[in-house]
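Peer 1: Structure incoming, see below.
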Amino acid sequence: MLSFWPSIATLGLVQATLVALPRARQQPVWVERLRGPWWALVPAASIAVVIGVVELESSSATWLSYLALVAVPPLAAFALGALVHGSRPIWGCAVLPLFALAWASPGALAGEAAAVALSGLACVTLGWLLVSAVPAYWLRLGVYAMAAIDTIYVSADLLQGPNAVLNVAAPAASLPALQSVHLGSAVMGFGDLFIAALVGSLLAQPRADGPKSAAELPISARRQRVGAALTVGLALGFDLLFFAVDTLPATVPVAVALALVEGRRPSPGATRSTSIAWRKRCS
């Protein structure tokens, strides 16, 4: 089995990959009808509700494993076919061998990697749906709230017990347990991949206050690359705290990376002033 430090470092790289992976895509009309700021509560609620439900009734963890088993493969197929950079519809078929590998080799590194890929790709679809339904400002606040609640739960020792129950839950017939993330000797929650894919989907979208042209797409991709680099750097540094503690909120490095990317963005007024000054110099 892969030892802990390579395992947790690899999961940090997976989070960074999910930040870089989504591409900009037109929002579906049916999601537009549901658009509103209240959906920004979903990231934080995904932690609070799941932990509360498992704490109240441990058998609910098994039902959550079945929910993930049913929902993750089609969500992952859609991400491969339409939402990642360079995606093609035929790529969605790759979910079948990934699922087969995860089912056939549940304890092997290859099987665990296939399950992580499925869960991460499903998170890309979930992130895109949420970005389509929530104004970016409110969704950024939702990301920060998710990291804050995760930190509070871990610090107060409220997360560890329910997480342990959720991590060992599995469907019958040795089907893949896709509700949590296992790789080697390290474990992450599904939400730790979800927040990374959500931030990637946020950064991939052209800004409402930015230029409405194809030139904005390279800017979005550049923001994603910066966000991914910050995520992996922060995650690897944050992991050093494992020398002192057993559990860390892996949502924090991703939220901090988002804050840093947003903090280095110039204001719309500054961008217009720079453009005007450039035109004057060239005239």
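Peer 1: Would you mind listing how long the range 4-282 runs along its three principal axes, going by Cα atoms, in whole Å with the largest first?
Peer 2: Computed over the range 4-282, the largest-to-smallest principal extents equal 69, 44, 37 Å.
Peer 1: What percent do you get for the relative contact order of the chain when only Cα pairs under 8 Å and 6+ apart count?
Peer 2: That works out to 30 percent.
Peer 1: For the chain, what is the calculated [θ] at 222 nm in deg cm²/dmol (nearest 500), taking -39500 (n - 2.57) for each run of four or more DSSP H residues and dividing by its residue count?
Peer 2: -21500 deg cm²/dmol
Peer 1: Could you check the simple spin-label distance between Ser58 and Val245, using points 7 Å along Cα→Cβ, in nm with one decimal?
Peer 2: Reported label-point gap for Ser58 and Val245 is 2.5 nm.
Peer 1: Moving on to the next point. Which of the peptides 103-110, 225-232 is most tightly packed, and how do the rest follow, going by the mean number of other Cβ atoms within 10 Å of each residue?
Peer 2: In decreasing order of mean packing, 103-110, 225-232 become 225-232, 103-110.
Peer 1: Could you calculate the contour length gain from Ala94 to Leu236, that is, 0.36 nm times the residue separation minus the distance between their Cα atoms, to one decimal place in nm?
Peer 2: 48.1 nm is the gain from fully extending Ala94 to Leu236.
Peer 1: How tilted is helix 4-20 with respect to the longest principal axis of the chain? Cα atoms for both, answer in degrees (0 to 90, nearest 10).
Peer 2: 40 degrees
Laboratory data are not the source of any read-out in this text; all were calculated from the coordinates shown. Computed from a predicted structure; not experimentally measured. Heads up, the Cβs are rebuilt from the backbone with ideal geometry, glycines too, and the neighbour counts pull from every protein chain shown.
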